[in-house]
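What follows is a single structure, written as structure tokens, with notes after it.
The values are calculated or read from the model by the stated rules, or taken from the named source; none is laboratory data. The structure displayed is predicted, hence computed values, not measured ones. Here the Cβ positions follow ideal geometry from the backbone for every residue, glycine too, while neighbour counts run over all protein chains shown. Keep in mind that these areas ignore ligands, DNA and RNA; they rest on the heavy atoms of the full protein, side chains included. Shrake-Rupley method; radii C 1.70, N 1.55, O 1.52, S 1.80 Å.
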Amino acid sequence: MPRSLPPWTRHFPTWFAPFLTHFRHRAQRTWAPLYVRGLCSAAHRKSMQPLAAVVAPGKEDHIQHFITDSPWSAGPLETLLAQRAEEMLGGKDAVLIIDDTCLTKFGTKSVGVARQYSGQVGKITPCQCLVSLTLAQHEIPVPVALRLFLPQEWTRDPARLRAAGVPEEHQLPQTKWELALKELGRVSEHVTFGMVLADAGYGVNAQFRHALTQRGLLWSVGITRTQTVYPKDVRLIPIPKHFRGRRPKYPTTSHDRQTVEEVLSGAAWQHLVWRHGTKSPLSGRFAAVYVRLADGDENAQGQHLPGQGAWVIGEQRRGEERKYYTCNLPPETPFFRLIEVTKRRWACELTHRELKEEVGLDHFEGRSWQGLHHHAVLCMVALNFLQCLRLTQPDDLRGDTVPAIRAEVAGDLPLPPQCRQCRACTALFSGP
């Protein structure tokens with residue numbers, strides 16, 4: 001390959017080649033790398049028109065067709081993406097983070113758009129909500145799954161689902177945590193990790209926590225201050241054989257329940273530096289107590305009996321704000337380990353920001369299920385490639401963050417002379 005080619009272009013055709021094998025038609029194999037290149041570009045938006053202006057001027061309709069209408073499956077790319085993530089970051093020290101990210105969008109025709117809470121905006125607003133899974137290790141995250149959540153107003157309207165092209169297997173009503181568990185099962189076949197992390201949107205649900213435990217997984221998830229718990233040494237008092245009056249159906253407990261807030265208010269709080277950031281150490285005040293969660297069977301009053309043993313963790317941030325978590329690591333786990341692994345959840349926020357700001361996840365303007373997921377999986381591929389460049393830093397690439405690497409890549413975007421010795425390179429940089 002000629003020396004005149006920008007350094008990163010010598011690596012992309014080889015890196016992307018396995019993804020190309022999953023596109024059956026020649027046109028798809030032409031537009032796929034061009035689209036990913038456009039996502040890595042310096043285009044002010046990564047919607048069709050500005051993206052096409054960078055990688056294929058005058059071919060906007062072709063790119064539009066490739067994303068919204070071309071019948072290629074995102075599934076094989078998602079599998080390969082997970083395998084690439086495993087090669088980069090997989091292992092027992094890795095964490096898999098479950099969360100969701102919202103794309104602000106208006107109108108009634110775009111798939112999944114409804115008035116729902118958006119953490120990015122901080123209020124209820126019209127948006128699409130994507131359940132996300134992120135693999136992270138050593139403060140480096142890569143996305144491995146993005147799947148659109150459909151609110152009830154969509155799943156109750158079959159005609160609306162058909163109009164948006166939602167496949168039948170995705171039309172059944174399901175909660176975000178059920179969707180997350182389904183994606184977790186798919187991804188777990190290809191990546192290895194030591195723990196699952198999630199925020200309170202998922203962690204407050206006892207069924208979600210039980211499902212993780214039943215799969216043999218360790219987890220640390222957010223909860224609310226009103227979550228009730230029992231002391232770790234709580235006992236169930238058996239129902240007496242002989243009982244005057246109506247025989248009770250449920251045993252009683254040796255200790256009353258308390259809220260997490262009440263339990264931790266009497267605990268010893270410690271100041272702890274949980275990560276050394278690039279500018280200053282990240283620290284806070286934390287407390288942790290090992291308890292039995294009140295998530296067992298319900299008694300006659302609808303109160304939950306003692307369930308699984310777990311840590312409850314409190315974090316006091318600046319001011320008086322407190323956050324609460326629960327974690328099923330063993331009782332002998334060191335205090336620092338509890339805090340350090342729980343706080344790794346921030347990595348998914350970084351991934352969501354990079355997906356939007358660096359490769360334009362929220363710039364898609366189509367309406368269909370297929371178009372959105374085609375765009376989403378190629379955004380994940382683009383970010384995966386940028387992380388690969390960041391970790392390997394081939395040739396003279398020097399960026400130590402994804403934005404820095406993308407800036408270097410975007411600076412190389414003026415088309416080089418065609419490489420007639422390599423078909424993959426020609427397809428990537430000359431266009432159709």
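Here the label points at Gln270 and Ala206, each 7 Å from Cα along the C-beta direction, are separated by 3.1 nm in the simple model. Stokes-Einstein diffusion of segment 1-91 at 10 °C, 1.306 mPa s viscosity, Kirkwood radius from Cα pairs, rounded to a whole number: 109 µm²/s.
Shape of segment 295-335 from the C-alpha gyration tensor: oblate (a/c of 1.5 or more and a/b not above b/c, with a ≥ b ≥ c the square roots of its eigenvalues). Simple rule: put +1 on each Lys or Arg Cβ and -1 on each Asp or Glu Cβ in the chain, find the dipole, and look at Gly122, His374, Val291; the Cα lying farthest toward the positive end is Val291. Magnitude of the charge dipole for the chain, about its Cα centre and with charges confined to Cβ atoms of Lys, Arg (+1) and Asp, Glu (-1), is about 540 debye. Each label point was placed 7 Å from the Cα along the Cα-to-Cβ direction; for Asp297 and His44 their separation is 6.5 nm. Angle of helix 402-411 to the longest C-alpha principal axis of the chain, folded into 0 to 90 degrees and rounded to 10: 10°. Using the 1.4 Å probe convention, the accessible area of the chain works out to 48 Å² per residue with neighbouring protein chains retained. Stokes-Einstein diffusion for segment 100-152, with the hydrodynamic radius set to the Kirkwood value over Cα pairs and evaluated at 37 °C in a medium of 0.692 mPa s, equals 275 µm²/s. A convex hull fitted to the Cα coordinates of segment 113-252 yields 220 cubic angstrom per residue. On full extension, the segment bounded by Glu365 and His170 gains 68.1 nm, given 0.36 nm per residue less the C-alpha separation.
Computed extension length for Asp61-Ala159: 32.5 nm, one decimal, from 0.36 nm per residue of separation with the Cα-Cα distance subtracted. Dimensions of segment 366-415 based on its C-alpha atoms, expressed as ranges along the principal axes with the largest first, amount to 40, 24, 14 Å. Working from label points 7 Å from Cα in the Cα-to-Cβ sense, the Leu282 to Thr108 distance is 4.3 nm.
The separation of segment 133-172 from segment 197-220, counted between C-alpha centres, amounts to 19 Å. Could you tell me which residue out of Phe335, Leu77, Thr21 lies farthest along the dipole of the chain toward its positive end? Charges go on the beta carbon: Lys and Arg +1, Asp and Glu -1, centred on the Cα centre. Going by the charge dipole, the pick is Phe335. Rounded to the nearest 10 square angstrom, Leu378 shows an accessible area of 0 square angstrom against a 1.4 Å probe. Asp395 sits with roughly 90 Å² accessible to a 1.4 Å probe, with DNA, RNA and ligands left out of the calculation.
Once the C-beta distance of Lys232 and Ala17 is scaled by a Förster radius of 41 Å, the resulting FRET efficiency is 0.15 to the nearest 0.05. If you model segment 284-352 as an ellipsoid using its alpha carbon gyration tensor, with each semi-axis the square root of five times an eigenvalue, the axes come out at 26, 15, 13 Å, biggest first.
Taking packing as the residue-averaged number of other Cβ atoms within 10 angstrom, the listed peptides 107-115, 341-349 run from highest to lowest as 341-349, 107-115.
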